[in-house]
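To start, the structure under review is shown below, and the notes come after it.
Readers should treat all values here as calculations from the given coordinates under stated rules, not as data from a laboratory. Keep in mind that this is a model prediction, so the values were computed, not measured. As a convention, Cβ positions derive from the backbone with ideal geometry for all residues, glycine included, and neighbour counts pool all protein chains shown.
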Amino acid sequence: MRIDRLDVYYVAMPLIYPWRTAYGEDRDIHSVLVKLTSGEWEAWSESTPFFAPTYLTESAGSAFYHVTEVFGPHVVGREYDTAADLNARLDVFKGNSFAKAAIEIGWWTLESKISGTPLHRLLGGQTREVIAGADFGIQDSFDMLLGNIQQAVDAGFPRIKLKVARGWDLDMLQVVRQTFPDFTFHIDCNSGYTLADLPFFKAIDGLGLAFIEQPLHFADVLDHAELARQLETPICLDETIVSVRAAQQAIQVGACQYINIKPGRIGGLSNALAVHDLARDAGIPVWIGGMLESAVGSAICVELATLDNFTYPGDLFPSSRFYTRDLAEPHLEFSPGNVFQPFTGDLPVPDPELLEECTLRQQSVVPAT
Ligand code: MG
């Protein structure tokens, strides 16, 4: 297919309540939406690195800049038979996975539309339900957290993820484990600790957590390998896996027993598939993560999570969990049992009015004349 044009939107989507993690608080989610055009066909992608480089080194601002000023002009006006061809064209640029993903994911959604193949089938997934877990950021009090956990348990969620940060860690986890002795929990540290915190990790090692997600520095596989050797509890990597190469090296040095896959963080869907396969071949289960995207981005996560090695319940949410009104339609909604069905028809697309309301910057990229 030829990519004729990119229409790029930098949006800020107000959350119902702030999202608090080890790296800070977001009151709205800053995201980059791209409409790709090929002849008469149009399709959308989304990449969501947040407002500031707090999750990783990119931000929505840097992704918008790179898509509109650098990567976009380099890719429009050319034919790409495969997503690999597009990635090869983008290979000259280092890093910036979220920005690359904003374009690469669009190749897949366009191809899905042009070929009339549901995206999950195009990716090699099955038309099957995708199981979601529950996920709680840092709360105002233990009581609030325990109440929320009880609700999630009552609602039948299969596992709960708890964000931890200094001051919201050991005591909180002990109280939670005491109150819910048998339930499946894992924690997400969002790179908030170092190997000097080994006593903390030893203290929680007996709590029977499913795994500890991204405990240490985002770019450090060696320290994660060392921590994995010291603990019974498995380690899961999220922020560290920014590329296929990063996944290869993490697996090679024994830095993780689980991998979280986010298509944006990993540079798009082709890389996500490659990491899925690498992990499967190494006996490492993967699970899908999200960045609180609109339904455009979260639907793509659902499609990807239909692949066979996505065995741990994903971080996938109905639109109403975070947004008064998701800017894309159809909104993401649970089927009974807290599961999502992949899309067999059209994927969600932005509602034009809401998109305009949320857009802070807009720029289009067409071939130079
Ligand atoms: Mg994480």
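Apply the a/c threshold of 1.5 to the C-alpha gyration tensor of the stretch 94-251 and tell me whether it is rounded, prolate or oblate.
Numbers: a/c = 2.37, a/b = 1.41, b/c = 1.68.
Oblate.
In percent, what relative contact order does the chain have, based on Cα pairs under 8 Å that are 6 or more apart in sequence?
22 percent
Let a ≥ b ≥ c be the square roots of the eigenvalues of the Cα gyration tensor of the stretch 246-369; is it rounded (a/c under 1.5), or, if not, prolate (a/b larger than b/c) or oblate? Each step should come with its number before you reach the end.
Numbers: a/c = 2.40, a/b = 1.45, b/c = 1.65.
It is oblate, given that a/c is not under 1.5 and a/b is not larger than b/c.
Please give the peptides 227-235, 47-55 ranked by average Cβ packing (other Cβ atoms within 10 Å per residue), highest first, as a rough proxy for protection.
Numbers: 227-235: 17.1, 47-55: 22.1.
The most tightly packed comes first, giving 47-55, 227-235.
Looking at the chain as a GNM with Cα springs under 10 Å, which of Val67, Val76, Val32 has the largest mean-square fluctuation?
In this elastic network of the chain, the residue with the biggest mean-square fluctuation among Val67, Val76, Val32 is Val76.
Would you mind pulling out the separation of the Cα centroids of the stretch 17-49 and the stretch 207-259, in Å?
Cα centres, the stretch 17-49 to the stretch 207-259: 26 Å.
Expressed as a rounded percentage, what relative contact order does the stretch 266-369 have, with Cα pairs under 8 Å and six or more residues apart? Mind dumping the intermediate values first?
Details: 111 pairs, mean separation 24.7, N = 104.
Across the stretch 266-369, relative contact order equals 24 percent.
Find which of Ile138, His30, Ala63 sits farthest along the positive direction of the dipole of the stretch 1-149, computed with +1 on the beta-carbon of Lys and Arg, -1 on that of Asp and Glu, about the Cα centre.
Ranked along the dipole, the leading option is Ala63.
Quick one: what are the phi-derived ³J(HN,Hα) couplings along the stretch 63-76, Karplus 6.51/-1.76/1.60 with θ = phi - 60°, whole Hz, x for glycine and proline?
Result, ordered by residue: 5, 4, 4, 5, 5, 7, 9, 10, 6, x, x, 6, 10, 6 Hz.
With the cut-off at 1.5 for a/c, could you classify the chain from its C-alpha gyration tensor as rounded, prolate or oblate? Don't skip to the answer; put the middle values down first.
On the way: a/c = 1.74, a/b = 1.51, b/c = 1.15.
Judged from the Cα gyration tensor, the chain comes out prolate (a/c at least 1.5, a/b above b/c).
Could you give me the percent of Cα pairs per 5 Å distance bin for the stretch 1-108, shortest bin first, beginning at zero and ending with the bin that holds the maximum distance?
Using 5 Å bins, I get a P(r) of 2, 13, 23, 23, 16, 10, 7, 4, 1 for the stretch 1-108.
If you fit an axis through the alpha-carbon atoms of helix 170-179 and take the longest principal axis of the Cα set of the chain, what angle between them do you get, 0 to 90°, nearest 10?
Value to nearest ten degrees: 80.
About the Cα centre, and with charges only on the beta carbon of Lys, Arg (+1) and Asp, Glu (-1), how big is the dipole of the stretch 259-326? Nearest 20 debye, please.
On the way: 5 positive and 7 negative charges, 43 e Å.
Value, rounded to 20: 200 debye.
Compute the helix-to-body angle for 269-281: its Cα long axis versus the longest principal axis of the chain, expressed 0 to 90° and rounded to tens.
Here the helix axis deviates by roughly 40 degrees.
Looking at Ala299, Leu269, Pro350, which one has the Cα that reaches farthest to the positive end of the dipole of the stretch 209-351 (charges on Cβ: Lys, Arg +1; Asp, Glu -1)?
Comparing the listed Cα positions along the dipole, Leu269 ranks first.
Quick check: net charge around Phe340, other residues with Cβ under 10 Å of its Cβ, Lys/Arg +1 and Asp/Glu -1?
Values: positive: none; negative: Glu129, Glu303, Glu333.
Once all neighbours under 10 Å are counted, the net charge is -3.
Please get the size of the charge dipole for the chain, origin at its Cα centre, with Cβ charges of +1 on Lys and Arg and -1 on Asp and Glu, quoted in debye to the nearest 20.
Numbers: 26 positive and 48 negative charges, 101 e Å.
The calculation lands at about 480 debye.
Based solely on its DSSP helices, what 222 nm [θ] is calculated for the chain when runs of n ≥ 4 H residues each add -39,500 (n - 2.57) and the sum is averaged over all residues, nearest 500 deg cm²/dmol?
Working: 14 runs with 124 residues, N = 369.
Theoretical 222 nm ellipticity from helices: -9500 deg cm²/dmol.
Assigning unit charges at the beta carbon (Lys, Arg +1; Asp, Glu -1) and nothing else, what dipole magnitude in debye, to the nearest 20, does the stretch 187-261 show about its Cα centre? Don't skip to the answer; put the middle values down first.
On the way: 3 positive and 10 negative charges, 37 e Å.
For the stretch 187-261, the charge dipole is close to 180 debye.
May I ask you to evaluate 6.51 cos²θ - 1.76 cosθ + 1.60, the Karplus curve with θ = phi - 60°, for each residue of the stretch 214-225 and list the ³J(HN,Hα) values in order in whole Hz, giving x for glycine and proline?
Per-residue couplings from phi come out as 6, x, 10, 2, 4, 10, 10, 7, 5, 5, 5, 5 Hz.
Rounding to the nearest 10 and keeping the result within 0 to 90°, find how far the Cα-based axis of helix 97-115 lies from the longest principal axis of the chain.
Its long axis makes an angle of about 60 degrees.
Can you tell me the alpha carbon radius of gyration of the stretch 54-110 divided by the globular rule-of-thumb value 2.2 N^0.38 Å? Walk me through the numbers on the way to the answer.
Values: Rg = 11.1 Å, N = 57, 2.2 N^0.38 = 10.2 Å.
Against the empirical 2.2 N^0.38 Å value, I get 1.09 for the stretch 54-110.
Could you run the Karplus curve 6.51 cos²θ - 1.76 cosθ + 1.60 with θ = phi - 60° over the stretch 140-156 and give me ³J(HN,Hα) per residue in whole Hz, x for Gly and Pro?
Using θ = phi - 60°, the values come out as 6, 7, 4, 4, 4, 5, 5, x, 5, 4, 4, 4, 5, 5, 4, 6, x Hz.
From Cα pairs below 8 angstrom and at least 6 apart in sequence, can you work out the relative contact order of the stretch 12-94, rounded to a whole percent? Mind dumping the intermediate values first?
Numbers: 87 pairs, mean separation 14.0, N = 83.
Normalised by residue count, the contact order of the stretch 12-94 is 17 percent.
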